[in-house]
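See below for the structure under consideration.
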Amino acid sequence: MSNGTASRLPPLWITLLVSAGLALNGYAWLNIGILPDEAYYWVWSQRLQWGYFDHPPLIAWLIRPFTALFGDGAAIIRLPAVITWLLSCGLAWLLALRIYGKHRAGALAVLVWSSLPIVQAGFHIVTPDIPLVLFAWLSYYFSWQAVTLRSTKRWMVAGVWSGLALLGKYPAILLLGTVFIALLLSRDGRRELASRGPWLAAGIAILLFSPVLFWNYQHDWVSFAFQFGHGVRQQLTEPWHLLTLFLGGQLGVVMPWTFVAMIYASLRASRWGLPSGSFSLHLLVTGFWLPLLLFGAAGLSAKAEANWPLLAYLPGSLLLAGALNHWLYTNNTPRRKLITMVIVAYAVSLLLVNIIRFPWWLEPLGMQLPPQRTQLSQSYGWPQVGQEMERLLATIPQGEHCKVAGASHQETAMLALLLGDAKRVLASPQARISQFTLWQEEARLPATVCLYVEQFDHENHIHTETVLNEWGRWQRVSLLRLTNPDLTTRWFGFFVPRPEPPGQP
């Protein structure tokens, strides 16, 4: 094999690490049951619209073709996620290769991206982050190409990808902001701003997003209002405590050493092969800092979810890949001690994620994790819930035709998936407003609900009777206890309407 060919292949240690991560993620994909949030998006896919209460519609559109062709199994519902994460690794490699001009930098970009716990944990979970990530990578790639090649056609393609990212999740608007700021700050970018390309791209993105705008207009801007209020609502907690929680979340989703290394790499980006003042440099640095600063500021007034700044870690992975290519190799000679440190860091990240996924791996060592809320605890036991629900419905008059209600929108979605019917369920009047609320309001007809299912996370929360506002009083007829492999215990109560005493209105 020639040296030229060998230089195109990733170092063996990178190949082995990425392969190990892929194998464990594939195992989780096939062995962890569906999550309630995933069931919620499955329900959307059974009732396709131009928008939904919580998010734009693209995740539902991506799920529907797979389930229509192959059925509603967990592995099938999750295929869009698996395909997206695999494609994102390819795009990370391609963009790093183009920007740095080195195949090894591309391999290191894949290594960094695939090492992030948020990527490992999300490999098999279908959420609106899936289309956001895929089309953000494509938007970055074609925007970079458009500037580098001065190509109007590539700007138009970049606009398509940005529009699809907006159809995936609202934070995609930061892509447009990132590209505009990078154009404004770089000399080659300012040249492009004087052309029609970037403006065509922005117009195409907005045009593709316009059905969501129209849906929101028809629904009194309910989705925008929910997301804005969700992100900036004022809380009584001290702002600096909220900011600490935000930073702690970021250290968790990317690992502390990776987060710190990305920050350092962004501050010294011109040393890793990015020309000072270039569009490439400003694109990656702006793309890394803009989501972190924006959601960090929002974190001063509201508890920010750890995945909100996800977009930061696409360019962050490329920045760190360039730095690692500089740190780990001197004149193409590997620095073995530093490479060993990277291998250990990747292995620790992989180990921690999978111990949380599969806590019984610790049993042979005589160790165990404290009970916690994990993917496993949320997904475990639902088949037993489905069996008990079917048993009870068989004993209820008209049970084959009446509707079933859940205590929350996630539980309601799981019941729909278990029943195989997205239209046979209702969310309890006490549940927070969700897409189910909109559908129930649009129906305008009273529904016959004959079974109500509620999950209890603590034994002292279990009750034998409940009142569901206008639905009246309900009595428990069955209680299911489930102990999960991660040592958490949940109970599911099954309730039917309580007959009113004779003579009582």
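Filter the stretch 437-456 down to residues that are touching a strand residue (DSSP E or B) at 6+ places or on another chain (Cβ under 8 Å) and in contact (Cβ under 8 Å) with a residue 60 or more places away in the chain and give me whichever is surrounded by the most Cβ atoms within 10 Å (Cβ to Cβ). Steps first, please.
Residues of the stretch 437-456 touching a strand residue (DSSP E or B) at 6+ places or on another chain (Cβ under 8 Å): 437, 440, 447-456.
Next cut, in contact (Cβ under 8 Å) with a residue 60 or more places away in the chain only: 437, 451, 453.
Numbers: THR437: 17, LEU451: 22, VAL453: 25.
Top of the filtered list is VAL453.
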From VAL160, VAL110, VAL133, residue being at pLDDT 95 or above, in a helix (DSSP H, G or I) and more than 23 Å from ALA321 (Cβ to Cβ): VAL160
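Got a sec? Which of PRO65, PRO117, PRO36 is in contact with an Asp or Glu (Cβ under 7 Å, 6 or more places away or on another chain) and surrounded by fewer than 21 Cβ atoms within 10 Å (Cβ to Cβ)?
On the way: PRO65 fails: in contact with an Asp or Glu (Cβ under 7 Å, 6 or more places away or on another chain); PRO117 fails: in contact with an Asp or Glu (Cβ under 7 Å, 6 or more places away or on another chain).
Result of the check over PRO65, PRO117, PRO36: PRO36.
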Hits in the stretch 320-371 - residues which are charged (D, E, K, R) and either closer than 18 Å to ASN25 by Cβ or in contact (Cβ under 8 Å) with a residue 40 or more places away in the chain (or both): ARG357
Residues of the stretch 386-428 that turn out to be part of a helix (DSSP H, G or I), of a type in the set (A, V, I, L, M), touching a residue at least 40 places away in the same chain (Cβ under 8 Å) and more than 30 Å from GLN227 (Cβ to Cβ), as a count: 3
Counted residues, the stretch 179-212 - those being surrounded by 15 or more Cβ atoms within 10 Å (Cβ to Cβ) and in a helix (DSSP H, G or I): 21
Number of positions in the stretch 429-450 that are in a loop (DSSP other than H, G, I, E, B) and more than 26 Å from the chain's Cα centre (by Cα): 7
Condition check for SER280: touching a residue at least 40 places away in the same chain (Cβ under 8 Å) and among the small types (Gly, Ala, Ser): yes
Leading residue by the ranking (surrounded by the fewest Cβ atoms within 10 Å (Cβ to Cβ)) among those in the stretch 457-505 that are among the charged types (D, E, K, R), touching a Pro at 6+ places or on another chain (Cβ under 8 Å) and modelled with pLDDT under 90: GLU470
Residues (of a type in the set (A, V, I, L, M) and surrounded by 24 or more Cβ atoms within 10 Å (Cβ to Cβ)) located in the stretch 135-150: ALA136, ALA146, VAL147
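The values are calculated or read from the model by the stated rules, or taken from the named source; none is laboratory data. Predicted, not measured: the structure shown is a model, and the values here were computed from it. Glycine also receives a Cβ, built like all others from the backbone with ideal geometry; neighbour counts cover every protein chain displayed.
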